[in-house]
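The values are calculated or read from the model by the stated rules, or taken from the named source; none is laboratory data. Small disclaimer: the values here were computed from a predicted structure and weren't measured. Reconstructed Cβ throughout: ideal geometry from the backbone, glycine too, with neighbour counts over all protein chains shown. When the accessible area is computed, the model is the full protein with side chains, heavy atoms only, and any ligands, DNA or RNA have been set aside. Shrake-Rupley method; radii C 1.70, N 1.55, O 1.52, S 1.80 Å.
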Amino acid sequence: MPGALEELRDYVKTNKELKETKIRLEFYIISGGLEELIKSTKVAPYMDGIFGSNFCLCQGTGEQIGIQSAISFTEKTRFVHGIRKGIR
């Protein structure tokens, strides 16, 4: 699948009609799942951004001590809006 993402990007960059429109193809993952797990997948290097839930870690031990952020359906909409506006 990661190869398909690169093929799509290359197609948009090289297709004459699309090139003239200055369209840029970007890929994002916005998930209620754990961001660190998503970042360890094979598709992560092909993403322009990954947003997910995070744990709060103890600075001294690195131990997980709670939830730092959780992405709800409403927050997913906010992330999409922020990406569209260019602020994410």
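Here are a few things to note about the model shown:
- Across 60, 33, 49, mean-square fluctuation computed from a Gaussian network of the chain (C-alpha pairs under 10 Å connected) peaks at 60.
- Tail weight of P(r) past 16 Å, computed on alpha-carbon pairs of the stretch 15-88, percent: 61
- Protein accessible area in the chain, 1.4 Å probe - carbon and sulfur %: 55
- Placing unit charges on the Cβ atoms of the charged side chains and taking the dipole of the chain about its Cα centre, the candidate lying farthest along the positive direction among 2, 69, 12 is 12.
- FRET efficiency for the residue 76 to residue 21 pair, using the beta carbon distance and R₀ = 22 Å, is estimated at 0.20.
- From phi via Karplus (6.51, -1.76, 1.60), per-residue ³J(HN,Hα) for the stretch 68-85 in Hz, x at Gly/Pro: 7, 8, 10, 9, 9, 4, 4, 5, 4, 4, 5, 4, 4, 4, x, 5, 4, 7
- Residue-wise HN-Hα coupling along the stretch 33-43, computed from phi with Karplus coefficients 6.51, -1.76, 1.60 (Hz; x: Gly, Pro): x, 6, 4, 5, 5, 5, 5, 8, 8, 5, 7
- The mean accessible area for residues of the chain, using a 1.4 Å probe and ignoring ligands and nucleic acids, is 77 Å² per residue.
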